[in-house]
Each structure stands twice: as structure tokens, then as C-alpha cells.
1. Could you tell me which residue of segment 327-347 is nearest to ligand 3 (Cβ to nearest atom), considering only residues that are at pLDDT below 90 and under 22 Å from residue 298 (Cα atoms)?
2. With segment 8-107 as the region, which strands (runs of 3 or more DSSP E) entirely inside it contain at least 3 residues that are surrounded by 13 or more Cβ atoms within 10 Å (Cβ to Cβ), in contact (Cβ under 8 Å) with a residue 60 or more places away in the chain and in contact with a helix residue (DSSP H, G or I) (Cβ under 7 Å, 6 or more places away or on another chain)?
3. Among the residues of segment 281-293, which ones are out of contact with any strand residue (DSSP E or B) (no Cβ under 9 Å at 6 or more places or on another chain) and within 13 Å of residue 351 (Cβ to Cβ)?
4. Out of 304, 357, 319, 309, I need the residue that is in contact with a strand residue (DSSP E or B) (Cβ under 9 Å, 6 or more places away or on another chain) and farther than 30 Å from residue 61 by Cα. Which one?
5. Quick one: residue 262 ticks every box in (1) away from ligand 1 (no atom under 16 Å from the Cβ); (2) in contact with a helix residue (DSSP H, G or I) (Cβ under 9 Å, 6 or more places away or on another chain) bar one, so which box is it?
6. Just give me the residues in segment 265-310 being on the phi > 0 side of the Ramachandran plot and either within 16 Å of ligand 1 (Cβ to nearest atom) or without any contact (Cβ under 8 Å) to a residue 60 or more places away in the chain (or both), in sequence order.
7. For segment 111-120, does any single residue satisfy the condition of being crowded, with 24+ Cβ neighbours inside 10 Å, at positive phi and within 24 Å of the chain's Cα centre (by Cα)?
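The values are calculated or read from the model by the stated rules, or taken from the named source; none is laboratory data. Computed from a predicted structure; not experimentally measured. In this analysis, Cβ positions are derived from the backbone assuming ideal geometry, glycine residues included, and neighbour counts consider all displayed protein chains.
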Ligand SMILES: Nc1ncnc2c1ncn2[C@@H]1O[C@H](COP(=O)(O)OP(=O)(O)OP(=O)(O)O)[C@@H](O)[C@H]1O
Ligand SMILES: O=P(O)(O)OC[C@H]1O[C@](O)(CO)[C@@H](O)[C@@H]1O
Ligand SMILES: [Mg+2]
């Protein structure tokens, strides 16, 4: 097997195109670390479970749709408990921090990190860092015990607080060092995980025995590689209530139009899945798919046609869609939040006003439009049952990895298996809906809406050759082997 290592990713290659994108380990830069038998070996609850410990060579393929001649491709290290651990229970001093926007399930992850450390590994020193990254150096910390976290999964938000901005790598690592922390669990989105990667690099540069672990959090599902992010399922489910209300309102008046805005700064997954789940939506607009209002094939024409045919309609719009129409109204200095993210204008309000103006001006059709913005209501609820289970597995996997000495990784679900993924695989790009993918085609045929794409936009979308939409790995209409669209290859394939 070949082996190629840098500080963030270790690439191990094997026969038939097998590639393991491995995660760093403490003993990569600290030699002769002592090891201990995993305490789970003598825990009656686990020791009876056949094959509870993960085999040292277990890995999970990133791509599961393959062809006869496909290379075996990229794999990630399988998560789970190892026979040996690199921390004695009394030595563990863990901390947990949550950063970025809220997401259903944050409290569940916090709870399960604390309970896994206590109940599986007998580690009893766990701190909650108050208020995101800046809390490391400017706020108090909170002692977390199973008793303190017992009920928190029933609440939305995060009991340890969160913030945007304030990431100062060296102050954070100073604080980690001063407090004697040796396991850092960081729960957050793409920005947070870039910060986690910087913390890991600094910890490694200083030669500290500190495991730095990420748990990916994003209600927008904009993190790549993983099957889906926790809280996403809850968000899609909760969005149904807003869509249903919009539908009831629209259906009850002549020419009723309901507009619902959902979250999705750069990625329209919530809007797409909420639309597919609901069946009451006639048009879904997302940041990845450009649209236009006036003229043939535009939104106004489609609204008129739908109202004539059905008497009512529901439009779902992701908050990041159509921002190019609104950006002119921004004041200088208002464009970025403290983390540097683009501040968005209210596209739901804008599109509602434009539809009303258009039909009032034409004086042809009187319509009643109701606009619903449930975005923060969706983000603030506790996670549903499926997400609670998912959060539990993510947290347990994260703890098993740190105890086994792995560092510089996020835990994440890949093709239904818990894995350890190197930070830079997670932060190198954003996950987006691929509009040349089957799922978007399914949505278009479900709503029967126009694609709003002219031949030029269509050609550009095909040219972009984005990687497949993660929620449906293997569903992309590109040949997994050659990258060519299906009509350009000789044999039938994944499509
Ligand atoms: N490139 C970066 N390097 C270091 N730290 C970063 C970077 N980008 C963001 N951060 C820090 O990460 C934290 C969270 O970032 P951000 O507000 O972008 O949210 P996020 O983690 O992307 O989550 P979400 O987008 O889901 O709300 C902030 O404290 C911010 O300072
Ligand atoms: O108002 P805040 O906290 O900046 O959060 C809004 C953003 O956070 C997210 O929920 C996650 O990034 C986005 O969908 C949304 O644009
Ligand atoms: Mg983000």
C-alpha cells in the first residue's frame, strides 16, 4: 500500500484503486504515547456485543454505485470504539463548544457527548464553553454532567450558547492549554469547521496532546461528503406546517397565492425536500436554479396559468434564491455578518410584492397573497426522533475517535455508516443542490413548474459538472466512471 501524508489528511492507497483518506492521529506527532485497554471491554453492556470493536482496517466507501470496471475509489475510516485508548479516564479533560446559527439537535449532541464520556469511558471532567469560539477567551465555562444535560434534548437552541465571529486561533489554543483541556468537541457548520481545522493545526504545531474533533452542524445541509446533516429532517418536517398553512389560506380565497420562505443561504435542500414531501407546492425556487419573472416562460406567466387552472397556488422560496435581484438595496457595511457571511435580503417579501404589483398593474386578475416566514421558528425547535438517534450516533462516534487518539476529524454519516472524515474534505467546498441531478428533475416533474432555464443557462449548468448531491449519492445522472452525461456513453449505467 502507498502512503502519502500531510498534517490534515493521510492518503493510503491500495490495490484496484482503493484510496483511504485517513484522519490524523496523536501519535503522528507525539511519539511513544501510552495506551490503555478500552474500558468498554469490561463493561457488561458492550463486552457481550459481538464485534463491538471496530476492526483496525474497516473503511467505508464514498461511492456505492459502481460499475464492473470502476476503481474502488475513496474510503473513510469507519467510526467506533477501538480495543486500545490513548487517554486514561482520569486524565480526560473535555470541552464542548457550539458555533454559528442554531439547528435542531444541538442540545442532543451536547447531551450525548457528555453521557458518552461519563458512561462509556468514565471521564468526568467536561466543560461547556459559553457562547461560541469567543467564549474560550472572554466568557465563563459551564460544568457539564449527565444530570445537568439530562433533559436538554427536549429543548431547542443550545444550552451553552453560540455566536458568529470572534475566532482567534492563538487565543483559543492558549485557553485550551491554560485550562489543561485535552479533548475539544466543536459543533458547527462550514465556518466553524474551518476554525476547528485552524485550532487543530495550532495544537499540532505546539505538540499538544489534544484531540480536536468536529461534529458537522448545518440546517442548510450545505456540508459535503456526509449523507445529510442533523436537524435537516426536523427542519423539513416542521416546514410542512408552514406550507400547509399557506395552502389552506390560498385554497380558501379566489386566486389565492401562498408564499413560504425557508432557510437555505446558498443551498436549497430544505426548500427542495419540503416541496417534495408536501405535494401542495406548485413552485419551488432555490439559489442554485436561476429564475426570472417577466415574459414567456417566466414566473408571472406560470402563476397566471396555475391560477387559471387551479384557482390557487403555493410558492416555496429558499432565502438565498434570487438575491441578485435585491442586492442593490443593501447599504454599504451591511453586507456581512461577524463571521463574514453574506447578509441576505428578504426575498420572500420581495417576490410577494412583485407578484402583487404585477397582477394589480395588469388589472386582469385579482389575487390574494399571504406570505409566511417560518425560518427562525423552524430553526429553534428541538430535534425529532430520527434526528435524536442520528445526533446520538454522531456524538458517540466522536467520543470513540478521540479516546482512540484520532484528531483533526469530524464524525459523519457516509452511505449510512459512521465515519471519521478529515477536516479539509468537509471544508473544501459547499454541498449544493445539483440542478442537473435526478432529484431536481423529480421535483420539477412533481410540481410541474418550468425550469426557468434557457438554452444558455442549461449549457452552463451541465458544464459546471458539480459533484453529486450528497443527500442522494449515486443518483446523479453522470456516469460514475467517466463523468460523462448518460447520452454520451455507450452502455446504460446508474441512470
Ligand atoms: N475561515 C475561518 N477560519 C476560522 N474561523 C472561522 C472561519 N469562518 C468562520 N469561522 C468562525 O466559525 C464560527 C462560526 O462560523 P459561521 O458563523 O460562518 O457559522 P457556521 O459554522 O458556518 O454555521 P452556519 O452557517 O450553519 O450557521 C465563527 O465564530 C467564525 O468566526
Ligand atoms: O440570523 P442568523 O443567525 O445570522 O442566521 C441566519 C442564517 O443561518 C442559517 O440558518 C445557517 O447558516 C442560514 O440558513 C441563515 O441564512
Ligand atoms: Mg456556514
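1. 327
2. Answer list for segment 8-107: 94-98.
3. The answer is 292, 293.
4. Of the residues listed, the single one that is in contact with a strand residue (DSSP E or B) (Cβ under 9 Å, 6 or more places away or on another chain) and farther than 30 Å from residue 61 by Cα is 319.
5. All conditions are met except number (1).
6. Scanning segment 265-310 gives a single hit, 295.
7. Within segment 111-120, not a single residue is crowded, with 24+ Cβ neighbours inside 10 Å, at positive phi and within 24 Å of the chain's Cα centre (by Cα).
Residues checked against (1) modelled with pLDDT of 95 or more; (2) touching a strand residue (DSSP E or B) at 6+ places or on another chain (Cβ under 6 Å):
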site: 66; (1), (2): no, no
site: 70; (1), (2): no, no
site: 94; (1), (2): yes, yes
site: 98; (1), (2): yes, yes
site: 108; (1), (2): yes, no
